[in-house]
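Here is the structure we will look at, set down as structure tokens.
The values are calculated or read from the model by the stated rules, or taken from the named source; none is laboratory data. Quick caveat: nothing in here was measured; it's all calculated off a predicted structure. Note that we place each Cβ from the backbone using ideal geometry, even for glycine, and neighbour counts take in every protein chain shown.
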Amino acid sequence: MSIQTIPVYADERATGTTGATKRRDESRSGWGLTAPFLIFYVLFLVGPTVYGIVMSFFNSSLEHSGLGGFAGPDNYTQALTSSDFWQSMWHTVLFTLMTTPPLVAIALLLAIFTDRLARGRWFFRLIFFAPYVVPSAAMALIWTWLYTPQIGLWDSWLSAVGISNPPNWLADPSWAMASVALATVWWTLGFNFVLYLAGLQEIPRNLYEAAAVDGASRWHQMRRITIPLLNRTTALVLVLQIIASLKIFDQIFLMTSGGPNYSTRPLLEYVYDIGFTDFRTGYAAAASMLYFLLILAVSLVWFFVSRHQQKGA
Amino acid sequence: MSTEGHAVSRRTVLRGAGLLGLGGLLSGCGSAFASGVAGIGPPKNTLSYWNLFGGGDGAHMVAMQQVYQKQHPNEVLDAVTLAWGNPYYTKLSLATLGSRPPDVGISHLSRASILADAGLLEPLNETELAPYGLIGRNFTPAAWQKAHMNGTLYAVPLDTHPFVLYYNTDICKKAGLLNADGSLKSLDSPEALTAALVAAKKVTGAYGAVASINNDAATQWRFFSTLYYQLGGSVLADNGQKIVLDDAKAEKVLSLIRDLAVKQGLMPTSVDYPGAITTFATGKAGFFFEGEWEVATFQTTKTPFNMTAFPNLYGGRYAVQADSHSFVLPKDPARTDARRALIFGFIRSMLNQSSTWAQGGHIPAWLPYQDSAAYGKLKPESNYKWAADYARYDDPGWYSGSGSDFENIMGFAIGAVSAGQMSPAAAISDMRSKLAQYANTTPPV
């Protein structure tokens, strides 16, 4: 683990101010420096969230100003009993289940591989991270072209190896989600890869040397030294990945528009369709509040896991 | 990581970049970026026009726009094409709600009523339109009537696009389905249609007819509803709040569809939109059920084909599913009379070019051209022009219209019957349960 040094305020005695006054001054300047961000935060995050909670109890509509008629818990009841809502929730969870394991495992493997390189490490860092900086619209365009039936690159490669009747990757309900998941793994692998690479470089080299002296094989070293010492990084990567996957919208909206037959529509697109296309902002607010509770639950799990880890460290 | 050895310090670089950025911002005040960020708005003589025309339609519309631009060199026509369906209408609505609407936009007439109900369209004053010739008797009556909501005019119709029947003339000749003059024999009953498809299948060796199913709720809905409307049925009433689906009539039509596709194998049970076009273009099917906009596609592929109105199968009053494209003015309180004059001039110019538009297959709503000899000579487009008077639009409702949730719900259920995945009874109960969720919701408009 990293060693922290606690800075000592040497100037306290030098300037002659007492601890209490110094701390009050620092506190005031702290508030002052964070004030611009806090104002933004309250105006654009906290405020709309509170408004959204209030709106979810009314039949608000996008094209009427004001809150609309009071609906009580009706919006929540409708959401909880709507098959579209639960199917969208399932699509989001399915996407998370499909992308999180590869994005954690493959990123770890690539990071271990890159870390072992003596030379040319910068090159592999570049090519594994480069897809991450591509914007979602560009990535969706590239992969839609790859997946185009018959004339796309995928299908022409497959026919070159003899598979002449591939499924319609983005238009077949059984394949659409997997196709988007594959594109997402390619796109966001770089971020986890970089986190793992940083975590790997914190592991002291003498541990490996000591293990080699004791006769441990490379595989043994990886299993007993590398992976356990990466536990905190893995926990971080895992929770970041799960939360990011739960927020999926861009790729599915751009590549399949939630289709075919709504079979890939994630929850955020359901909220968008209801709130912006159908104008029903009150109901959309209720659906997104329920969704917020789900993400909150996942975050709380990580919070308690990491607190447990900190206590144990 | 020290900067001591560097000639130029980080502070200098940041200062320089900041000044450059400020200078660029000030000099680019007229640019789109600056006007968007500062909210100034586009320069005075720009006309912004949004449409949803892609493909062959898009090419024709671009040609018409270029003619307008050439005729009006002092104006700048800023035309934007957006994705068809819900994405287009969502953007149009949000832009209007956010006070950044285009000057003029295209809207399906079945959607214009929802936009008007939501207060997003500017009502059109017929006396203001008269000097430009945009008066009732110059437009197809059915379209002109549909363009009115509660007696107020909200849209200027451009065309009507009904569901039609494409037939391969070579195949039909070999199957003995053509009259002496080369036109298709009248198919005026389900039995006649079935017999024709059987004969065509014998010639092609593959299919009698094709209609796209996969990922295409719209085509399936149009196919079903044309026949359902011919039986006199409706689906929604009371502005979408009541479902008046006639189970018996729906079952009759769905059974015919299942019979043709699944039981007798006369139509493919799994084909998407491009696949259906290829099937007809390469002569693997004798008939193609679709809207009339694919005429240019088959002319390009040099398929020997002709078109006619979709047959009237049940001997009642003719009806055919159709919609109309129209020009609408999204609500903008800051719109001046001068700008309105510009917009009406643009609309009239587009209507004057109806001949270009008609080559894309649509029936022009502009009667001076529709009734002309020139249009009568335009074949095969003018074969079905009388269908415009029998156009049956989607039942009004806040979730209805072209590309809407209503069409998706109905179309996917009908598609499941065409694909052999659902029985007609199951499809009907699926339609009812999904529509009920919408019908029982308080309308947001």
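For segment B:110-143, filtered to residues that are farther than 16 Å from B:Pro368 by Cα and free of Cβ contacts under 8 Å to residues at least 60 places away in the same chain, the residue that is nearest to the other protein chains (Cβ to nearest Cβ) is B:Ala116. Residue-level check: of (1) without any contact (Cβ under 8 Å) to a residue 60 or more places away in the chain; (2) within 24 Å of the chain's Cα centre (by Cα); (3) not assigned by TED's automatic domain parsing to the domain that holds B:Tyr273, B:Ala374 misses just (2). Entry remark, segment B:411-426: residues being touching a residue at least 12 places away in the same chain (Cβ under 8 Å) and either under 21 Å from A:Asp172 (Cβ atoms) or within 13 Å of chain A (Cβ to nearest Cβ) (or both) number 10 in total.
All of (1) among the β-branched types (Val, Ile, Thr); (2) without any contact (Cβ under 8 Å) to a residue 12 or more places away in the chain; (3) within 26 Å of A:Thr256 (Cα to Cα) hold for A:Val213 with one exception: (3).
Determine whether segment B:128-147 contains at least one residue that is assigned to a strand (DSSP E or B), in contact with a helix residue (DSSP H, G or I) (Cβ under 7 Å, 6 or more places away or on another chain) and not aromatic (Phe, Trp, Tyr). No, segment B:128-147 contains no residue that is assigned to a strand (DSSP E or B), in contact with a helix residue (DSSP H, G or I) (Cβ under 7 Å, 6 or more places away or on another chain) and not aromatic (Phe, Trp, Tyr).
Here is a yes/no grid of residues against (1) out of contact with any Cys (no Cβ under 8 Å at 6 or more places or on another chain); (2) among the basic types (Lys, Arg); (3) crowded, with 18+ Cβ neighbours inside 10 Å:
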{"site": "B:Tyr88", "(1), (2), (3)": "yes, no, yes"}
{"site": "B:Thr96", "(1), (2), (3)": "yes, no, yes"}
{"site": "B:Ser99", "(1), (2), (3)": "yes, no, no"}
{"site": "B:Ile106", "(1), (2), (3)": "yes, no, yes"}
{"site": "B:Arg111", "(1), (2), (3)": "yes, yes, yes"}
{"site": "B:Thr127", "(1), (2), (3)": "yes, no, no"}
{"site": "B:Gly133", "(1), (2), (3)": "yes, no, no"}
{"site": "B:Ala142", "(1), (2), (3)": "yes, no, yes"}
{"site": "B:Val156", "(1), (2), (3)": "yes, no, yes"}
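Considering segment B:40-94, and only residues there that are within 14 Å of the chain's Cα centre (by Cα), assigned to a helix (DSSP H, G or I) and more than 14 Å from every other protein chain (Cβ to nearest Cβ), the residue that is modelled with the highest pLDDT turns out to be B:Met61.
Counting only helices (runs of 4 or more DSSP H) that sit wholly inside segment B:228-341, those with at least 2 residues that are within 26 Å of B:Ile363 (Cα to Cα) and in contact (Cβ under 8 Å) with a residue 12 or more places away in the chain are B:273-281, B:295-300. Among the residues of segment A:302-313, the ones that are in contact (Cβ under 8 Å) with a residue 60 or more places away in the chain and in a helix (DSSP H, G or I) come to 4 in all.
Being at pLDDT below 90, buried (at least 23 other Cβ atoms within 10 Å of the Cβ) and away from every other protein chain (no Cβ under 12 Å) holds for only one residue in B:Ser382, B:Ser354, B:Ser402, B:Ser326, and it is B:Ser402. The sole residue among B:Gly415, B:Gly411, B:Gly403 that is at positive phi and not aromatic (Phe, Trp, Tyr) is B:Gly403. Being surrounded by fewer than 23 Cβ atoms within 10 Å (Cβ to Cβ), closer than 23 Å to B:Gly56 by Cα and within 14 Å of chain A (Cβ to nearest Cβ) is a property that does not hold for B:Gly376.
Taken residue by residue, segment A:154-171 has at least one member that is in a helix (DSSP H, G or I) and either under 25 Å from B:Phe412 (Cα atoms) or touching a helix residue (DSSP H, G or I) at 6+ places or on another chain (Cβ under 9 Å) (or both).
Consider segment B:385-399. How many of its residues are within 13 Å of another protein chain (Cβ to nearest Cβ) and small (Gly, Ala, Ser)? Even if it seems obvious, please write down each step before you answer.
Just the residues of segment B:385-399 that are within 13 Å of another protein chain (Cβ to nearest Cβ), to begin with: B:397-399.
Within this subset, residues satisfying the condition of being small (Gly, Ala, Ser) are B:397.
The number of residues fulfilling the criteria is 1.
Quick one: is B:Arg432 in contact (Cβ under 8 Å) with a residue 12 or more places away in the chain, on the phi < 0 side of the Ramachandran plot, surrounded by fewer than 21 Cβ atoms within 10 Å (Cβ to Cβ) and touching a Gly at 6+ places or on another chain (Cβ under 8 Å)? It is false that B:Arg432 is in contact (Cβ under 8 Å) with a residue 12 or more places away in the chain, on the phi < 0 side of the Ramachandran plot, surrounded by fewer than 21 Cβ atoms within 10 Å (Cβ to Cβ) and touching a Gly at 6+ places or on another chain (Cβ under 8 Å). If A:Asp84 passes every condition in (1) surrounded by 12 or more Cβ atoms within 10 Å (Cβ to Cβ); (2) at pLDDT 90 or above but one, which one does it miss? Unmet for A:Asp84, out of (1) surrounded by 12 or more Cβ atoms within 10 Å (Cβ to Cβ); (2) at pLDDT 90 or above: (2). Counting only helices (runs of 4 or more DSSP H) that fall entirely inside segment A:62-134 and contain at least 1 residues that are within 14 Å of chain B (Cβ to nearest Cβ), within 30 Å of A:Ala176 (Cα to Cα) and not hydroxyl-bearing (Ser, Thr, Tyr), the qualifying elements are A:74-81, A:83-116.
Flag: A:Val298 matches the condition of being among the β-branched types (Val, Ile, Thr) and more than 14 Å from chain B (Cβ to nearest Cβ). The single condition among (1) surrounded by fewer than 16 Cβ atoms within 10 Å (Cβ to Cβ); (2) over 30 Å from A:Ile274 (Cα atoms); (3) not charged (D, E, K, R) that A:Ala107 does not satisfy is (1). Is it the case that segment A:276-293 has a residue that's part of a helix (DSSP H, G or I), polar (S, T, N, Q), under 30 Å from A:Gly68 (Cα atoms) and within 10 Å of another protein chain (Cβ to nearest Cβ)? Yes. Scanning segment A:253-271 for residues that are hydrophobic (A, V, I, L, M, F, W, C) and within 14 Å of chain B (Cβ to nearest Cβ) turns up A:Phe253, A:Leu254, A:Met255, A:Val271. Evaluation of B:Thr442 against the conditions (1) over 30 Å from B:Trp357 (Cβ atoms); (2) β-branched (Val, Ile, Thr); (3) assigned to a helix (DSSP H, G or I); (4) within 14 Å of chain A (Cβ to nearest Cβ) shows that the sole unmet condition is (3).
Can you go through B:Ala413, B:Ala387 and tell me which one is buried (at least 19 other Cβ atoms within 10 Å of the Cβ), assigned to a helix (DSSP H, G or I), assigned by TED's automatic domain parsing to the domain that holds B:Ser212 and among the hydrophobic types (A, V, I, L, M, F, W, C)? Before the answer, list the steps.
Values: B:Ala387 fails: assigned by TED's automatic domain parsing to the domain that holds B:Ser212.
That would be B:Ala413, the only listed residue that is buried (at least 19 other Cβ atoms within 10 Å of the Cβ), assigned to a helix (DSSP H, G or I), assigned by TED's automatic domain parsing to the domain that holds B:Ser212 and among the hydrophobic types (A, V, I, L, M, F, W, C).
Among the residues of segment B:194-225, the one identified as part of a loop (DSSP other than H, G, I, E, B) and out of contact with any strand residue (DSSP E or B) (no Cβ under 9 Å at 6 or more places or on another chain) is B:Gly205.
Could you list all residues from segment B:95-109 that are among the polar types (S, T, N, Q) and either in a loop (DSSP other than H, G, I, E, B) or within 12 Å of chain A (Cβ to nearest Cβ) (or both)? Don't jump to the end; show me each part of the working.
Taking segment B:95-109 and keeping what is among the polar types (S, T, N, Q), we get B:96, B:99, B:107.
Within segment B:95-109, B:Thr96, B:Ser99 meet the criteria.
Scan segment B:416-437 for residues that are in a loop (DSSP other than H, G, I, E, B) and over 24 Å from B:Gly291 (Cα atoms) and the total you get is 3.
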